[in-house]
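Everything on this sheet refers to the single structure shown next.
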Amino acid sequence: MFNADDTVSSLESAVALVNGADQDDDPLGSVAALDAHYSRFAYTGRHDRTREELASVRATRARLRALLSSERDASATLVNKALSDVGAVPHLARHDTTDWHLHALPADAPLPDRILAETALAMMDLIRADEVSRLGICAADDCDGIVLDLSRNRSKRFCSTRCTNRVAVAAYRARQAMS
Ligand SMILES: [Zn+2]
Ligand SMILES: [Zn+2]
């Protein structure tokens with residue numbers, strides 16, 4: 001079982017970036033939103049805080065989605081391709097209060113490349129542990145959000161509390177209409 005904190009954090013960050021598309025609280029909605037995402041997930045290293053950087057992180061969103069939503073064999077191919085495309089040099093890093101953990105690129109590499117490579121490293125962990133099934137698509141009818149289920153009993157079905165609540169309200173209304 002994979003359990004490294006950096007794996008979980010990289011996956012959660014990538015899921016939030018992918019699921020933010022079309023949401024009001026998109027972490028890629030503005031330079032400030034990306035800045036908040038960077039802080040929230042305790043990123044370190046280069047962060048330009050420019051519209052160009054924001055645009056290039058946005059441009060990786062489709063690749064992040066493919067990494068997170070492909071079946072295991074296809075995902076392995078995408079992982080290899082992503083690591084090779086950004087010239088990843090996996091290495092151990094230790095900084096601030098964080099003990100030795102994996103980095104895929106030097107700290108001065110562009111943020112979108114580091115996000116892509118760190119997502120690929122995290123997927124490497126999931127693939128090796130044969131735990132790709134921890135990732136799925138939201139069970140709400142009209143949502144294609146990614147669900148990362150790390151719960152012991154694999155009970156998570158929705159991408160967000162918004163979807164959980166929406167589906168609960170719809171089910172309640174359906175029951176009311178029938179009675
Ligand atoms: Zn680090
Ligand atoms: Zn959803």
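The values are calculated or read from the model by the stated rules, or taken from the named source; none is laboratory data. Here the structure is a predicted model, which is why all the values come from computation and not from measurement. Backbone-built Cβ (ideal geometry, glycine too); neighbour counts: all protein chains shown. To get the accessible areas, we keep the full protein, side chains included, count just its heavy atoms, and leave off ligands, DNA and RNA. Shrake-Rupley method; radii C 1.70, N 1.55, O 1.52, S 1.80 Å.
Starting from region 43-64, keep only residues that are more than 14 Å from ASP26 (Cα to Cα), then list their pairs with residues that are away from ligand 1 (no atom under 16 Å from the Cβ) and among the charged types (D, E, K, R) whose Cβ atoms are within a distance under 8 Å, requiring at least 6 positions of separation or different chains. From residues that are more than 14 Å from ASP26 (Cα to Cα), the pairs are HIS47/ASP35; HIS47/GLU53; ARG49/ASP35. Kindly indicate whether any position in region 117-127 is within 15 Å of ligand 1 (Cβ to nearest atom), hydroxyl-bearing (Ser, Thr, Tyr) and closer than 21 Å to GLY145 by Cβ. Among the residues of region 117-127, at least one is within 15 Å of ligand 1 (Cβ to nearest atom), hydroxyl-bearing (Ser, Thr, Tyr) and closer than 21 Å to GLY145 by Cβ, which makes the answer yes.
So that you can scan it fast, the table gives a plain yes or no per residue for (1) open to solvent by 90 Å² or more (accessible area, probe 1.4 Å); (2) farther than 30 Å from THR44 by Cα; (3) of a type in the set (Val, Ile, Thr); (4) in contact (Cβ under 8 Å) with a residue 40 or more places away in the chain:
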residue	(1), (2), (3), (4)
VAL132	no, no, yes, yes
ASP142	yes, yes, no, no
ASP149	no, no, no, no
ARG154	yes, yes, no, no
CYS159	no, no, no, yes
VAL169	no, yes, yes, no
ALA174	no, yes, no, no
ALA177	no, yes, no, no
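Does region 24-36 contain at least one residue that is over 14 Å from ILE115 (Cβ atoms), surrounded by fewer than 16 Cβ atoms within 10 Å (Cβ to Cβ) and modelled with pLDDT under 95? Yes, that holds for at least one residue.
Do we have any residue at all in region 163-175 that's modelled with pLDDT of 90 or more, of a type outside the set (Asp, Glu) and either within 16 Å of ligand 1 (Cβ to nearest atom) or in a loop (DSSP other than H, G, I, E, B) (or both)? No, there is no match, as no residue in region 163-175 is modelled with pLDDT of 90 or more, of a type outside the set (Asp, Glu) and either within 16 Å of ligand 1 (Cβ to nearest atom) or in a loop (DSSP other than H, G, I, E, B) (or both).
May I ask you to list the residues in region 73-100 that are open to solvent by less than 30 Å² (accessible area, probe 1.4 Å) and at pLDDT 95 or above? Steps first, please.
At the first step, the residues of region 73-100 found to be open to solvent by less than 30 Å² (accessible area, probe 1.4 Å) are 75, 79, 82-83, 86, 88, 93.
Across region 73-100, the qualifying residues are SER75, VAL79, ALA82, LEU83, VAL86, ALA88.
Of all residues in region 151-178, those that are aliphatic (A, V, I, L, M) and within 13 Å of ligand 2 (Cβ to nearest atom) total 3. Here ASP142, ASP130 are screened, and the one residue that is within 16 Å of ligand 2 (Cβ to nearest atom), over 13 Å from the mean Cα position of the chain (by Cα) and outside any helix (DSSP H, G or I) is ASP142. Within region 1-50, the set of residues being in a helix (DSSP H, G or I) and of a type in the set (Gly, Ala, Ser) comprises SER9, SER10, SER13, ALA14, ALA16, ALA32, ALA33, ALA36, SER39. For ALA122, the criteria (1) open to solvent by 20 Å² or more (accessible area, probe 1.4 Å); (2) more than 16 Å from ligand 2 (Cβ to nearest atom) hold in every case but one, which is (1).
Checking every residue in region 100-110 against the condition of being under 19 Å from the mean Cα position of the chain (by Cα) and either closer than 21 Å to SER70 by Cβ or in a helix (DSSP H, G or I) (or both) gives at least one match.
Output yes when any residue across region 36-48 is at negative phi, within 16 Å of ligand 2 (Cβ to nearest atom) and among the polar types (S, T, N, Q), and no when none is. Talk me through it step by step, then tell me what you get.
First pass over region 36-48, keeping only residues at negative phi: 36-41, 43-44, 46-48.
Narrowing the set further to residues that are within 16 Å of ligand 2 (Cβ to nearest atom) leaves none.
Checked against the condition, which is being at negative phi, within 16 Å of ligand 2 (Cβ to nearest atom) and among the polar types (S, T, N, Q), region 36-48 yields no hits at all.
If you filter region 42-72 down to residues that are at pLDDT below 95 and surrounded by 16 or more Cβ atoms within 10 Å (Cβ to Cβ), you find that the one that is nearest to the chain's Cα centre (by Cα) is TYR43.
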